[in-house]
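Participant: Dumping the structure here so I can ask a few things about it.
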Amino acid sequence: MYTDNHNHTKHFSSDAKMSYQELIDTCRKQNMRGVAVTEHYEGDYPHDIGEPQIFDPKEYFEASKKWKEYAGDFPLRLGIELGWQKHLPKFYDEMVDRYPFDVVILSNHLYRGKDPYFYRECYEENMITVYSRYIDEMAQMAEDCSNYDIIGHYDYINRYAPYEDPQIRYDHCPEAFDRLFSAIISKGKSLEVNTRSIDKMKGKGFDMTYSLPDPKILSRYYEMGGRNISMGSDSHTKDTLCLLFPETAKYLSSFGFTENTYFVKRQKIGEPLI
Ligand SMILES: [Zn+2]
Ligand SMILES: [Zn+2]
């Protein structure tokens, strides 16, 4: 089995329901190789949703002593998922350095300052305009920040899109994708393949065997020299841990990728995809 690079617990992510015991018990039961907890940290989150979107990393590492004890010899990695905004790179780069994170995911949950999960108005303009702008902002995020390991779910924007054919594809905005990939590759970072996004599109009737994620996105990233790819289920409950990993690993390997990249103390490690 594999290392799942992207997960949330109810202890530090307000939208998650999974306890650390459920996380560890399920990983053991499924014979997983390892798991990373990557709690949400959304600095200056623009929406008031009644729950804090940040946590105190000090409290997190304090609490994690108990988690580590419970995990015993099971490899539990401690990470964070940073929600990017244009003014936050310096703050994030410095904050991350102060704590012993294993892995840092950098994500963009906003489109023009609003989270499409809550604000479907994000999709008022036509699809190409929205997707191009979103990926271009991600490219800026990848360029402006330095202290991170994985670029999270580039396809977050298509999860809630109401368009008739909503899957985000390379051909929608090739320049923006090239800009994003070139930042990831030149900085030695990893591109996440988010199986929660895959599952959402599967639910809309897309065929996962040949088209999820868009083959051109993966082949172009590979062609440009991208070799680091990280599978993450983005689980908020225990039932989706390692969701669709064997199928996704097989699909990724058909493009030439050989390893699922995970991180321990911010060091890159590869495990075979097949
Ligand atoms: Zn996310
Ligand atoms: Zn997440």
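Participant: Cross-link candidates for LYS66: which aspartates and glutamates have Cα within less than 16 Å, leaving aside residues fewer than 8 places away along the same chain?
Facilitator: Partners within reach: GLU22, ASP25.
Participant: Give the aspartates and glutamates whose C-alpha is closer than 20 Å to that of LYS58, dropping any in the same chain fewer than 8 places away, or say none.
Facilitator: Partners found: GLU39, GLU42, ASP44, GLU69, GLU81, ASP93, GLU94, ASP97, ASP102.
Participant: Restricting to Cα pairs below 8 Å that are 6+ residues apart, what does the relative contact order work out to for the chain? Please round to a whole percent. Let's see the in-between values first.
Facilitator: Details: 490 pairs, mean separation 57.9, N = 274.
About 21 percent, as a whole number.
Participant: Then there's this: Using alpha carbon centroids, what distance separates region 148-226 and region 79-144, in Å?
Facilitator: Computed from Cα coordinates, the inter-centre distance equals 15 Å.
Participant: Less than 27 Å apart at the alpha-carbon level, and either on another chain or at least 8 residues along: which lysines does that give for LYS250?
Facilitator: Reachable lysines: LYS29, LYS187, LYS189, LYS200, LYS202, LYS204, LYS216, LYS238, LYS268.
Participant: Might you report the magnitude of the Cβ-based charge dipole of region 185-242 about its Cα centre, with Lys and Arg at +1 and Asp and Glu at -1, to the nearest 20 debye?
Facilitator: 160
Participant: To the nearest 500 deg cm²/dmol, what mean residue ellipticity at 222 nm is calculated for the chain from DSSP H runs of n ≥ 4 alone, each contributing -39,500 (n - 2.57), summed and divided by the residues?
Facilitator: About -10500 deg cm²/dmol.
Participant: Counting only Cα, what are the radius of gyration and maximum Cα-Cα distance Dmax of region 1-146, in Å?
Facilitator: 16.6, 50
Participant: May I pose another question? If you bin every alpha carbon distance in region 118-192 into 10 Å steps from zero, what whole percent lands in each bin?
Facilitator: Result returned by the calculation: 19, 51, 26, 5.
Participant: Apply the Kirkwood formula to region 3-272: the hydrodynamic radius equals the inverse of the mean of 1/r over all pairs of different alpha-carbon atoms; give it in Å with one decimal. Please list the in-between numbers first.
Facilitator: Numbers: mean 1/r = 0.0538 Å⁻¹.
Value: 18.6 Å, from the Cα pair sum.
Participant: So, one more: Mind sorting LEU82, LEU273 by how few other Cβ atoms lie within 10 Å of their own Cβ, fewest first?
Facilitator: Fewest-to-most ranking of LEU82, LEU273: LEU273, LEU82.
Participant: Using a 10 angstrom Cβ neighbour count of at most 10 plus a DSSP loop assignment to flag exposed GluC sites (Glu not before Pro), which longest range of the chain is free of such sites?
Facilitator: Result for the longest clean stretch: 1-123.
Participant: For region 167-274, just say rounded, prolate or oblate: build the C-alpha gyration tensor, square-root its eigenvalues into a ≥ b ≥ c, call rounded for a/c under 1.5, and beyond that prolate if a/b exceeds b/c, oblate if not.
Facilitator: Oblate, since a/c reaches 1.5 and b/c is not below a/b.
Participant: Please arrange TYR163, TYR123, TYR262, TYR131 by counting, for each residue, the other beta carbons lying within 10 Å of its beta carbon, fewest first.
Facilitator: Going from sparsest to densest Cβ surroundings: TYR163, TYR123, TYR131, TYR262.
Participant: Let me ask something additional. What order do you get for ARG196, ARG120 when you list them from fewest to most C-beta neighbours inside 10 Å?
Facilitator: ARG120, ARG196
Computed from the coordinates by the stated procedures, all read-outs in this text should not be read as laboratory data. Note that the structure is predicted; figures quoted are calculated from it, not measured. Here the Cβ is made from the backbone with ideal geometry for all residues, glycine too, and neighbour counts use every protein chain on show.
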